[in-house]
Amino acid sequence: MKIALGVCGGIAAYKAAEICRLLQERGLSVQVVMTQAAQEFVRPLTFAALSGNKVITGLFGGEGEPNLDSAVEHIGVAQGIDALLVAPATADMLAKFAHGLANDFLSTLYLATTAPVILAPAMNVNMWQHPATLANLEELRGRGHSIVAPGAGYLACGMVGAGRLAENELIVEAVLATLDARIQSSSFERKHDLEGETVLITAGATREPIDPVRFIGNRSSGKMGFAIAASAKQRGAQVVLIAGVTTVPPPSGVELVRVERTEEMRSAVLKHFQKASIVIKAAAVADYRPKAIAEQKMKRQGTGSVTLELEPTADILGEISRLRTRQIIVGFAAETEHVLENARQKLTAKMLDAIVVNDVSQPGIGFESDENAVTIVTRAGEEQVPRMSKRKVAERVLDAVVELMRSRAGVS
Ligand code: PMT
């Protein structure tokens, strides 16, 4: 799920960096939006490094360097987020929100989004207690926004009283509670259609060592497979998640098996295969590995070239297709050309029930990104899933799996 984190200009702006990190740790994707004043306190680079995403610094781009992909990016961001958190929220920003002013990216985003809003104010005690601020807060509370009230204590201005940004953990908890409520009330995520099923999911990249320090790997982050695992869990399934190397934390509540090499992934998949009723292989698995692994770090051979002899790894998907008893088996395909032809060919050759193909030559989807666009290919037909968050793509993949289960059972 994706959060926009609005950072306003106040001494507490530096705390937003830690909040950003905590949100990431909970598996959320964070899009940071900084006001101009916030940039006087913390550099956008800090948030870019923490979130792994470009930071939005203004309606029309930062100083001399446009940072927007389009003139209506606030609409794109507004539609793509599951919640808007503003921490710290200054008295000025609360006033803008309360009165519907839209003269910077954050206030414009606020008006443009229908996602729930969480506000964590921080300011001087007199500003916090001013009737204008109290009236604005009342108005915002009346709109259903969550207000994480500031704590009391010594303030940066030297005064003592209420106005200090609430503890980071409290703010993150408020975000998670809001997201939980959203998940409960949203129709697609309320499904419990995988109850009684055991879903085996692979995610992330495998690594094949060359020598003690080098390896053959790929850019898979694990985001796609983890999104499927989280959705399957949400829909009532028991989830066995076999994860290679990943860059994001796995979802909670699943049986997690960590592996590195293709052979380890193969053993883990074979071990858990028979208890699974559904298998979804979103991992990016090495097709080749070095024929021999050097015991010592390979030394540079002057200017001469070095040849690495590779041998094929086990085709795990092909192997489990041959072993299947009752399982629905779904593969993924990362293609850069002849996308659909290659996917259809893999569907038949590997005897799959479905294959989910992504064109990884397209920017902004596939490896590492928070979004994907796929085609779900089954024997019955093809369903195009346009660009959306990986969590939403995961839901569409699971919808297709449920459809396959129903048609196998003869239920229309
Ligand atoms: O992890 P992310 O950063 O979120 O990126 C997601 C993704 C791009 C990795 C994912 O969406 C995806 O496309 N995964 C499959 C990538 C891939 O390895 O495709 P392939 O066409 O090489 O393999 C086809 C299928 O065979 C895959 O299901 C793969 O898991 C499986 N395979 C491949 C090789 C092998 N030796 N054994 C296998 O089982």
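The values are calculated or read from the model by the stated rules, or taken from the named source; none is laboratory data. Keep in mind that what you see is a predicted model, and the values were worked out from it rather than measured. Glycine also receives a Cβ, built like all others from the backbone with ideal geometry; neighbour counts cover every protein chain displayed. Ligands, DNA and RNA are stripped out before the accessible areas are found, and what is left, the full protein with its side chains, is counted by its heavy atoms. Shrake-Rupley method; radii C 1.70, N 1.55, O 1.52, S 1.80 Å.
Modelled spin labels at residue 132 and residue 103, positioned 7 Å past Cα toward Cβ, are 1.3 nm from each other.
Taking amide hydrogens as placed 1.01 Å from N in the peptide plane, the amide H of residue 215 sits under 5 Å from those of 210, each at least 5 positions away in sequence or on another chain.
Rank 89, 162, 349 by mean-square fluctuation in a GNM of the chain with C-alpha springs under 10 angstrom and give only the top-ranked residue. Most flexible of the set in this elastic network: 349. All other residues whose Cβ lies under 12 angstrom from that of residue 32 are scored, Lys and Arg at +1 and Asp and Glu at -1, for a net of +4. A cut-off under 11 angstrom between Cβ atoms defines the neighbours of residue 393, and their net charge, with Lys, Arg +1 and Asp, Glu -1, is +2. Given only helices, namely DSSP H runs of n ≥ 4 each adding -39500 (n - 2.57), what is the per-residue ellipticity at 222 nm of the chain, to the nearest 500 deg cm²/dmol? Dividing the helical sum by the residues of the chain leaves -10500 deg cm²/dmol. Determine the alpha carbon to alpha carbon distance for each of 275/346; 2/271; 223/350; 15/233; 2/275 and list only those over 29 Å. Correct reply: 2/271; 15/233; 2/275. In a DSSP loop and with at most 13 other Cβ atoms within 10 Å, the trypsin sites (Lys or Arg not before Pro) in region 293-397 are 297, 299, 300, 326, 379. Fully extending the segment from residue 193 to residue 274, taken as 0.36 nm per residue of separation minus the present Cα-Cα distance, adds 27.1 nm. Residue order by solvent-accessible surface for 157, 20 is 157, 20, largest first, with ligands and nucleic acids left out and a 1.4 Å probe. Couplings for region 208-215, taken from phi via the Karplus curve 6.51 cos²θ - 1.76 cosθ + 1.60 with θ = phi - 60°, read 10, x, 9, 8, x, 10, 10, 8 Hz in order; Gly and Pro are left as x. Put a dot 7 Å past the Cα of residue 170, heading toward its Cβ, do the same for residue 211, and the two dots end up 5.5 nm apart. Computed with the Debye formula from one identical point scatterer per Cα of the chain, without solvent, the log10 of I(q)/I(0) at q = 0.06, 0.07, 0.08, 0.11 Å⁻¹ comes to -0.30, -0.41, -0.52, -0.88.
Of all beta bridges that DSSP places with both ends in the chain, some 35 percent have antiparallel geometry. Computed over protein heavy atoms with a 1.4 Å probe, the accessible surface of the chain works out to 48 Å² per residue. Residue by residue, region 369-376 carries 3J(HN,Hα) couplings of 6, 7, 10, 8, 9, 9, 10, 9 Hz when phi is fed to the Karplus relation 6.51 cos²θ - 1.76 cosθ + 1.60 (θ = phi - 60°); x denotes Gly or Pro. Each Lys and Arg adds +1 at its Cβ and each Asp and Glu adds -1 at its Cβ; summed about the Cα centre, region 125-210 shows a dipole of about 340 debye.
Taking 263, 295, 169 in turn, the Gaussian network model of the chain (Cα-Cα springs below 10 Å) assigns the largest fluctuation to 295.
Length gained on full extension, residue 258 to residue 114, computed as 0.36 nm times the residue gap minus the Cα-Cα distance: 48.0 nm. Modelled this way, with points 7 Å down the Cα-to-C-beta line, the labels at residue 296 and residue 177 are 6.1 nm from one another. With 10 Å bins beginning at zero, the pair-distance distribution over Cα atoms of region 272-412 amounts to 10, 34, 30, 15, 8, 2, 0 %. Magnitude of the charge dipole for the chain, about its Cα centre and with charges confined to Cβ atoms of Lys, Arg (+1) and Asp, Glu (-1), is about 940 debye.
Highest mean packing first, where packing is the average number of other Cβ atoms within 10 Å per residue, the peptides 328-338, 275-285 line up as 275-285, 328-338.
Taking 246, 307, 114 as the candidate residues, the one with maximal mean-square fluctuation in a Gaussian network model of the chain, Cα springs under 10 Å, is 307. DSSP loop GluC sites (Glu not before Pro) in region 340-374 with at most 16 other Cβ atoms within 10 Å of their Cβ, which ones? Here the GluC sites (Glu not before Pro) that fit, given the DSSP loop and packing criteria, are 368. Taking Lys and Arg as +1 and Asp and Glu as -1, the other residues whose beta-carbon sits under 13 Å from that of residue 339 total -3.
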